[in-house]
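The values are calculated or read from the model by the stated rules, or taken from the named source; none is laboratory data. The structure displayed is predicted, hence computed values, not measured ones. Using ideal geometry, Cβ is built from the backbone for each residue, glycine included, and neighbour counts are taken over all protein chains shown.
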Amino acid sequence: MSNKTPSKRIGKLDFQTIKRIFSYMSRYKKSMVMVILCIIISSVASVAGSIFLGTLIDDYITPLLADPNPVFTGLLKALALMACVYLAGILSSWLYMRSMATIAQGTLKAIRDEMFAKMQTLPIRYFDTNTHGDIMSRYTNDTDTLRQMINQSVPQLINSACTMITVFVAMLIQSVYLTLIVIVSILLILQIVKFLTGRSGFYFMRQQETLGDLNGYVEEMINGQKVVKVFCHEEKAREAFQEKNIAWRDAVTNANGYANSMMPIMSALGYIQYVIIALVGGWLAISGATNLTILGTGTMTLGTIASFLTLSRSFNGPISQISVQFNSVIMALAGASRIFKLIDEKPETDDGYVTLVNARENPDGTITEADHRTGIWAWRHPHQDGTITYTKLRGEIVLDHVDFSYNPDKEILHDITLYAEPGQKVAFVGATGAGKTTITNLINRFYDITNGKIRYDGININKIKKADLRRSMGIVLQEVNLFTGTVMENLRYGNPNATDEECIAAAKLANAHNFIMMLPQGYNTVLEGDGSGLSQGQRQLISIARAAVADPPVMILDEATSSIDTRTEALVQRGMDKLMEGRTVFVIAHRLSTVMNSDVIMVLDHGRIIERGSHDQLIAKKGTYYQLYTGAFELE
Amino acid sequence: MIKTLAKSIREYKKYALITILCSMIEVVFEIVIPLFMSQLIDRGIEAGNMNTVLKLGVLLVFFAIMQLITGFLSARIAAKSSAGFASNLRQDMYDNVQTFAFSNIDKFSTSSIVTRLTTDVTNVQMAYQMLTRMAIRSPAMLIFAMIACFGIDAGISMIFLAVLPVLAVGLYFIINKVHPLFTGVFKTYDKLNNVVQENVRGMRVVKSFNQQEHEIDKFDAISEKIYMDFSKAERIMSLTSPLMQFCMYACTILISWLGAKAIVASGNSTALGLTTGQLTSLFSYATQILMSLMMLSMVFSMITIARSSAERISELLNEKTDIRDPADPVMEVRDGSIVFDHVDFAYSSKADKKVISDANISIRSGETIGIIGGTGSAKSSFVQLIPRLYDVTGGSVSVGGVDVRQYDLEVLRNSVAMVLQKNELFSGTISDNLRWGNENATDEEIREACRLACADEFIEAMPDGYDTHIEQGGTNVSGGQKQRLCIARALLKKPKILILDDSTSAVDTKTDAFIQQSFSQYIPDTTKIIIAQRISSVQHADRIIVLDDGKIADVGSHQELVERSPIYREVYESQQKGGSEDE
């Protein structure tokens, strides 16, 4: 909703963006050629109609009037011919509109699909630094304005342009003098159009801004509506809303006011132009002046004036059409450039060439690749000399003097070194902002480290293909995200080949089975709106089960049990212990009870590891951990 | 539905009427102008009379200027009237949402309320503007133009009567065919947006499970469906214009033929019949008639599109709050005593399972009560009955000796401060947020409340102190800080009853204990109800309620419960195992 393009850009067409939109339409090249051809035919047909009306009076009716025994066959033939021309016009306009519908929707689909596919490749940083509403609005508002432009404005613009050219030529054929009058008056009219589109364009942008503002306010307040109720803050909320609503109303009133008045003003000015032409034409005809046309000279006739008058009306029509479309084109281009900006974002780079394969362990201890699931995994490591080595996936993770910063000016992690042996449980403890979650973001390469090295089974993780690296790790986050679909589908999310039995076993492990069975359709209950019917604790249990189904050798649990009460946690603990068995696990938890039984606990402070050791060692040390443990120190 | 929406027109009714009036006048000019044009050709140019040409020309220019003025006015006023109506409509919706009880809020999702307040209102606004500008104007135009045509030549004008039904049937067929398609398309759009939203939010999950391909496939399938349905609908819609052209061209040719014959028959004399000038006017009117029909069909199609939006809006407008002030409300809460008398509660009257069943307890004013229970044991539901955020389904809850349903809601809620589990701070400074509790609080009072909630230290450590700006959703303060701010905000209400729903979970034990201590020291007369997951937060309470599956399993002091309540003991031990001073 935040189409906050500076208002001063109004009135300038962004040709770069236009070119790009057309490049998406290029796969419809053949249809496009046909469409343009059809548009030309249909506009020529309609102009031909106007010209015919001119000749009707002069060439048919007037001679017939003079004839005492009028014969209508000539007129009949001409009318039949006209009928054919009209029919061709109707058919071609049907054809082009029909294909334009397909082209517009196809182009939009192409853009939309590319945008979504592209979005999937963007680094996590993109989603952390852009508001979700902003990303969403590209799929909704921006695509919508673009649809209107391609579907309505583009054909109308082509049509109007064609009509204008044909009419212009036709006018020149009729009379050069009168055409000059039309040109002068159109130039004057265009000044008014320019003023009107400028004003309405300015307010249309204001309208988008105020709507975005309103949208943001509503979203925040409705989200906190329960707090509003508890504090009886309704009246205040209403007043603030009203203020924004009125700002929107005023912008819309002006935007539509100027845009609406375009048509009546153009039409009235058209009448005045009409009168002037009639006067001049009449004067020319009466004074018997010669009529200059591009085909030669002749005398000004009544028929000439009549048909010229009709033509001049057809000339004004497309000009008002174009003016009316102008604003929507500008708005659509602003939307399109935002869409293209997303498409042009730099994707997550992946130079990894080490892949994860199914493997078989030979009796002699060597590892060979297997073509089916064996339960054993190995890193397939091709070397520059063409040889390939296989390393068994064990889950050993080493951080070697790692530095990291999200922004160059503020270092988040400083000189982190740690060894996690396969099957070990490593815990991170520390205040908010100490860098706990950041470490896990680095291990699965959501972000890349600035200095140092991270090794996985002895391989630098930069060499491992990201998809394979992530496949070997399960992650359970504090903020649980579920997807619309059944509980079973959600459980199977990380491992689409898992059987129902495996999923149910995992749910039992996570202590989620009982409440799932109480849902209306058990495992087939459809979760909607991010599983909004479930409590936060239940969502966390599903998320743990989901990670268990994926069965990765390394697991990251980031505050995974924070919303589960301690009693339930104690119940889950047994399952969790079983889940962690034989896996390398990184645990971030607020409750020290969750991390106590870890093999190593790292106490982080301002991006540095200040203490490390087992629970007993750290207690004995009587350092920061001890203070945390005894509650002498605040943990946030 | 229309009645519901029309209520919001209010002060903009006169603008709507002026719009209609102006557009009627505009129509008159648009009809008169072609008449004079034909006169100008017939009596002026044809007769070679420049004087007449000049006279009629001046008259025509005058008409055109009049039309310009009325057209301009009607355009501006139509914009004012529709924007005003739309903003009223939006305000009414928002106001109604403000009256909603929690149960009403639960019914609508945030995003659905937001869509109704934005996109749906815009759709209705556009349709309404179209309606005021065209709905009267087009039929009027049609009728006037028809009268004018029949005035010129009734015989030839019969052509229109023949063509009109063809057009009407054609348009009806198209709209009928297209409407269900569009409704379907919009539903699919909702699905598409849902997928995008889930992905944007859950990108970490998608990436860590490597499900990008799966998500792209899911998206493409929906995207493909939109493409198919939308282009199908548009293809049918694309018949409209050719249909119009067909009618118009058919009229032109028929008028040409019949007109030529009539002119020849009359010898181009006004007295005897049709003239060439009149023929030109006939063509003009033919265009006008068909254009007004086109406009009408556009009005229809816009209304069909706006119809689903209007339905969604009236759904929100017609939602009546479940909790209302009683007729003769009690305006004062005597003290902070609470009585639960055989309380039953269910979120939906249809639900067969009660969330709370037969809860009985009497709490003295000033008492400190702890509540302990597992996930899903209805702890939050239990306390939300006290400020009447939900109504009981059986039994009664009394505060200060009076049933909560007899109080004025504002009076009751001002006496009962509640810190919700899902805390929300709003964008604005820290003081702004705290003043939610009491608008007129002095700086001293604010500092006092923050001291009690142990929030003063970290606030004063911030660069801007109490003027520090809080981001939307309070993302720039930590969980524990947010909780303490919310407690301070509630304290500023100087409530008779203070309810903390798991509000110190992110605060360390020491600070937690300090907050508890200052409560008993500084607000001894306030009844305090504390829901907590850790025993340490409640063990010093006068009494602790153990909730299990919506029932009060036991009530007693920490010591008593450790001895006799197996559930309590289990919780206690699970935390003991994790260290006596867990967290």
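Structure notes:
- Residues (facing another protein chain (nearest Cβ under 7 Å) and surrounded by 19 or more Cβ atoms within 10 Å (Cβ to Cβ)) located in the stretch B:59-71: B:LEU60, B:ALA64, B:GLN67, B:LEU68, B:GLY71
- When B:ILE174, B:ILE152, B:ILE156, B:ILE147 are screened for being more than 11 Å from every other protein chain (Cβ to nearest Cβ), without any contact (Cβ under 8 Å) to a residue 24 or more places away in the chain and of a type in the set (Val, Ile, Thr), only B:ILE147 passes.
- Failed condition for B:THR511, given (1) in contact (Cβ under 8 Å) with a residue 40 or more places away in the chain; (2) in contact with a Gly (Cβ under 9 Å, 6 or more places away or on another chain); (3) of a type in the set (Ser, Thr, Tyr); (4) in a loop (DSSP other than H, G, I, E, B): (4)
- Looking only at the stretch B:468-509, and only at residues there that are under 20 Å from B:ILE372 (Cα atoms) and acidic (Asp, Glu), the one that is nearest to the other protein chains (Cβ to nearest Cβ): B:ASP508
- Checklist (1) closer than 30 Å to B:ARG76 by Cα; (2) more than 7 Å from chain B (Cβ to nearest Cβ); (3) free of Cβ contacts under 8 Å to residues at least 24 places away in the same chain applied to A:GLY296, failing item: (1)
Here's the yes/no breakdown for (1) in contact with a helix residue (DSSP H, G or I) (Cβ under 7 Å, 6 or more places away or on another chain); (2) more than 26 Å from B:PHE186 (Cβ to Cβ); (3) touching a residue at least 24 places away in the same chain (Cβ under 8 Å); (4) more than 11 Å from every other protein chain (Cβ to nearest Cβ):
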residue: B:SER81; (1), (2), (3), (4): yes, yes, yes, no
residue: B:GLN98; (1), (2), (3), (4): yes, yes, no, no
residue: B:ALA135; (1), (2), (3), (4): yes, no, yes, yes
residue: B:LEU142; (1), (2), (3), (4): yes, yes, yes, yes
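- Residue within the stretch B:563-570 that is at pLDDT below 90, assigned to a helix (DSSP H, G or I) and either more than 14 Å from chain A (Cβ to nearest Cβ) or touching a Ser or Thr at 6+ places or on another chain (Cβ under 7 Å) (or both) present: no
- Of all residues in the stretch A:551-572 being within 12 Å of chain B (Cβ to nearest Cβ) and closer than 17 Å to A:GLY423 by Cα, the one that is surrounded by the fewest Cβ atoms within 10 Å (Cβ to Cβ): A:ASP551
- Scope the stretch A:474-520; condition of a type in the set (A, V, I, L, M) and under 14 Å from B:VAL206 (Cβ atoms); matching residues: A:ILE475, A:LEU477, A:VAL480, A:LEU482
- The listed residues are B:ALA271, B:ALA265, and the only one of them that is more than 30 Å from B:ALA140 (Cβ to Cβ), of a type in the set (Gly, Ala, Ser) and part of a loop (DSSP other than H, G, I, E, B) turns out to be B:ALA271.
- Subset of the stretch A:129-177 (residues that are within 16 Å of the chain's Cα centre (by Cα) and not polar (S, T, N, Q)): A:HIS132, A:GLY133, A:ASP134, A:ILE135, A:MET136, A:ARG138, A:TYR139, A:ASP142, A:ASP144, A:LEU146, A:ARG147
- Within this structure, A:LEU95 fails the test of being under 47 Å from the mean Cα position of the chain (by Cα), without any contact (Cβ under 8 Å) to a residue 24 or more places away in the chain and within 11 Å of chain B (Cβ to nearest Cβ).
- When the residues of the stretch B:178-201 are filtered to those that are hydrophobic (A, V, I, L, M, F, W, C) and more than 8 Å from chain A (Cβ to nearest Cβ), the one that is farthest from B:SER109 (Cα to Cα) is B:VAL178.
Conditions tested, residue by residue: (1) of a type in the set (Asp, Glu); (2) more than 17 Å from A:SER472 (Cα to Cα).
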| position | (1), (2) |
| --- | --- |
| A:LYS341 | no, yes |
| A:GLU348 | yes, yes |
| A:ASP364 | yes, yes |
| A:ARG373 | no, no |
| A:ILE376 | no, no |
| A:GLY395 | no, no |
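- Taken over the stretch A:572-627, the criterion of being under 45 Å from the mean Cα position of the chain (by Cα) and at positive phi is satisfied by A:GLY582, A:HIS606, A:GLY607.
- The criterion of at least 2 residues that are more than 30 Å from A:LEU469 (Cβ to Cβ) is met by the following helices (runs of 4 or more DSSP H) wholly inside the stretch B:143-252: B:154-201, B:212-237.
- Selection of the stretch A:459-494 for residues being more than 27 Å from A:TYR447 (Cβ to Cβ) and either part of a helix (DSSP H, G or I) or among the aliphatic types (A, V, I, L, M) (or both) yields A:VAL487, A:MET488, A:GLU489, A:LEU491, A:ARG492.
- Of all residues in the stretch A:467-518 being of a type in the set (D, E, K, R) and surrounded by 18 or more Cβ atoms within 10 Å (Cβ to Cβ), the one that is nearest to A:GLY537 (Cα to Cα): A:ARG492
- From A:GLY375, A:GLY317, A:GLY282, A:GLY335, residue being modelled with pLDDT under 80 and more than 26 Å from A:ALA550 (Cα to Cα): A:GLY282
- Here A:PHE241 meets the list (1) facing another protein chain (nearest Cβ under 8 Å); (2) in contact (Cβ under 8 Å) with a residue 24 or more places away in the chain; (3) under 30 Å from A:ILE186 (Cα atoms) almost entirely, failing just condition (3).
- Filter result for B:ARG312 (outside any strand (DSSP E or B), farther than 30 Å from B:ARG569 by Cβ, among the basic types (Lys, Arg) and within 14 Å of chain A (Cβ to nearest Cβ)): no
- Considering the conditions (1) in contact with a strand residue (DSSP E or B) (Cβ under 9 Å, 6 or more places away or on another chain); (2) assigned to a loop (DSSP other than H, G, I, E, B), A:ASN497 is excluded by exactly one of them, (1).
- Where a residue in the stretch B:40-63 is hydroxyl-bearing (Ser, Thr, Tyr) and its partner, wherever it lies, is surrounded by 15 or more Cβ atoms within 10 Å (Cβ to Cβ) and part of a helix (DSSP H, G or I), with Cβ under 9 Å and at least six apart: B:THR52/B:GLN39; B:THR52/B:LEU40; B:THR52/B:ARG43; B:THR52/B:GLY44; B:THR52/B:ILE45
- Evaluation of B:LYS494 against the conditions (1) on the phi > 0 side of the Ramachandran plot; (2) in a helix (DSSP H, G or I) shows that the sole unmet condition is (2).
Residues checked against (1) under 19 Å from B:LEU434 (Cα atoms); (2) at pLDDT below 85; (3) among the polar types (S, T, N, Q):
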{"position": "A:THR210", "(1), (2), (3)": "no, no, yes"}
{"position": "A:GLU219", "(1), (2), (3)": "no, yes, no"}
{"position": "A:ASN223", "(1), (2), (3)": "yes, yes, yes"}
{"position": "A:ALA240", "(1), (2), (3)": "yes, no, no"}
{"position": "A:GLU243", "(1), (2), (3)": "no, no, no"}
{"position": "A:VAL252", "(1), (2), (3)": "no, no, no"}
{"position": "A:ILE272", "(1), (2), (3)": "no, no, no"}
{"position": "A:ILE276", "(1), (2), (3)": "no, no, no"}
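- Only residues that are among the β-branched types (Val, Ile, Thr) and modelled with pLDDT under 80 were counted in the stretch B:170-202, giving 1.
- Conditions (1) modelled with pLDDT of 85 or more; (2) within 28 Å of the chain's Cα centre (by Cα); (3) closer than 28 Å to A:LYS578 by Cβ: number failed by A:LEU477: (1)
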